1. Please indicate, with yes or no, whether at least one residue in the stretch 21-34 is outside the structural domain of residue 542 (by TED's automatic domain parsing), in contact with a helix residue (DSSP H, G or I) (Cβ under 7 Å, 6 or more places away or on another chain) and modelled with pLDDT under 95.
2. Would the stretch 319-330 turn up any residue that is surrounded by 15 or more Cβ atoms within 10 Å (Cβ to Cβ), in contact with a helix residue (DSSP H, G or I) (Cβ under 8 Å, 6 or more places away or on another chain) and part of a strand (DSSP E or B)?
3. How do the pairs read when you match residues in the stretch 329-353 that are under 12 Å from residue 264 (Cα atoms) with residues anywhere that are crowded, with 16+ Cβ neighbours inside 10 Å and modelled with pLDDT of 85 or more, using Cβ under 6 Å and keeping only pairs 6 or more apart or on different chains?
4. Just a yes or no: is a residue in the stretch 194-210 under 24 Å from residue 284 (Cβ atoms), in contact (Cβ under 8 Å) with a residue 12 or more places away in the chain and within 26 Å of the chain's Cα centre (by Cα)?
5. Tell me which residues, restricted to the stretch 51-84, are touching a strand residue (DSSP E or B) at 6+ places or on another chain (Cβ under 6 Å), free of Cβ contacts under 8 Å to residues at least 40 places away in the same chain and closer than 19 Å to residue 26 by Cα.
6. For the stretch 600-650, which residues satisfy the criterion of being farther than 29 Å from residue 331 by Cβ and without any contact (Cβ under 8 Å) to a residue 40 or more places away in the chain?
7. Given 275, 288, which one is under 23 Å from residue 246 (Cβ atoms), assigned by TED's automatic domain parsing to the domain that holds residue 264 and not in a helix (DSSP H, G or I)?
């Protein structure tokens, strides 16, 4: 980063202060290291001259600094002036290292990258420590005011540090130095419509933002006022806050709200905790001291931390002992989102064992063939009356055919003889008319034929329905499809597992280089004794990101103004001296942290496939049982339907000359 443009700064005692490289930048100012080698503090320098009121506020904060405030916040330790006894242009504050913004703790994706070993107990502890930080700020009469996720940092041990403390509200006797900024998503309902934050804020206002942050931590980044709104218009978070639409609360339904998909409810925390959320986010919080204080939160969260247990299935899942089952297992299975990373292995299943379960599930095999054609049925016998009518019907059919043929022959002869139509030709239609009359006045045989035809059509319709149901619900197509899907999941699992093993083997091959790099990273430029390398040049190297022997690169050094070939060679030789002191440790070819890094890379890849296999085995067994059950249940019914159709076909065949298909 670039060096500071300020060269003549002084502390409150008139001592000169030199700034090093810039390490951060914000809307109001930049943050610099303090040279030489002050690694415990930083300097914040404002972009614009401060008003007299802002300078007075900083003086009050410096005078009120104590060990408790320094433990939880980047509190102003001393003032910086652009000249001796000149106006305040910045301040000195504790340097907070190895921290991440709090949103990288509660969001699952960010947490897996920045806090891979964090479980829900870590989140509970972070929330408890956040409450402790607010308690200390309030204890000494300060108000955070601008509560938001951007001014809170968290360490790897769940310790909380507040930054941007110069924006806090400060009160001295009758004078109030306001916090003039705010973020809508953390602002209480009574302040939502405020255009100007230049107003008196109270601990009760801070307590709203504190409750929001605690909710975000305990509920995996879910904002308490961001849910499913059942109205027709938009419901942004700011409006939901102003209208007390707590999406997870007891009264959420009355306010047309519901929790968002893939989230857990207040039931995952004890009643003592859920009641504090209700108190913080409902209308009663408007009252003075109506919301839970930081101390209230610390007490219930401390009790919750002592009442956590580990999940029997997943070692990284911890949850409240009052629950019968692990809520995180259920949420991971339903959402497909990996909430927590394990630290010991990429997989939590034995795929070979799971596949033995698959092999133990016997395929139902092809569906038993059922067809009406397999049944040889004799026609149902006629009664004496119907038999006589059928015989007469056959005679009538024969007479009809003879009459129709005779009619056609007469017409042909008459038309051929005269060559022209003649009234006498109508004589040829008489036989046809008689045949038609016989057809219009059917006997009992035709009624029997109609009855048997209807029975056949009904039986065929029923058979086709049962045949379709039989093939769909008793066939093995669904089983085969699921087995193929499981086979594909197993192949993907094995491919990821092999990729992990290859990466682990690669670690073994590069272990010497990695150990040497770590060794060189502990050899700081400060220890180089070259006579040509002055303190100013060491500072220049650090400004260009060259702090250790591992950073030394001839091309990079030669690009720095004032560094020639001779000085570059000195540094390269110094690096070689350090390399010669390196001793490779055979027993530490692959460190635990190296393996853990691989685990955290491959675990998110393999966990979704694990879920596919676990749920797929259960589904395969369920499908097999369903098919066998359906076969036992439907086979007698389908066979009966096939037999009824075959019988109806046989019954119909004796009263009709035309064939009917099944």
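The values are calculated or read from the model by the stated rules, or taken from the named source; none is laboratory data. Please read these numbers as outputs of a predicted model, since none were measured by experiment. Quick reminder, even Gly has a Cβ in these numbers, built from the backbone with ideal geometry, and neighbours come from all protein chains shown.
1. yes
2. Looking for residues that are surrounded by 15 or more Cβ atoms within 10 Å (Cβ to Cβ), in contact with a helix residue (DSSP H, G or I) (Cβ under 8 Å, 6 or more places away or on another chain) and part of a strand (DSSP E or B), one finds at least one in the stretch 319-330, hence yes.
3. As it stands, the answer is 331/264; 332/339, since those pairs meet every condition given.
4. Checking the stretch 194-210: at least one residue is under 24 Å from residue 284 (Cβ atoms), in contact (Cβ under 8 Å) with a residue 12 or more places away in the chain and within 26 Å of the chain's Cα centre (by Cα).
5. 55
6. Once the filter is applied, which keeps residues that are farther than 29 Å from residue 331 by Cβ and without any contact (Cβ under 8 Å) to a residue 40 or more places away in the chain, the stretch 600-650 yields 629, 632, 633, 636, 640.
7. Being under 23 Å from residue 246 (Cβ atoms), assigned by TED's automatic domain parsing to the domain that holds residue 264 and not in a helix (DSSP H, G or I) holds for just one of 275, 288, which is 288.
For every residue, the table says whether it meets (1) assigned by TED's automatic domain parsing to the domain that holds residue 626; (2) at pLDDT 90 or above; (3) farther than 30 Å from residue 604 by Cβ; (4) not in a helix (DSSP H, G or I).
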site	(1), (2), (3), (4)
347	yes, no, no, yes
352	yes, yes, no, no
358	yes, yes, no, no
362	yes, yes, yes, yes
366	yes, yes, yes, yes
377	yes, yes, yes, yes
382	yes, no, yes, yes
386	yes, no, yes, no
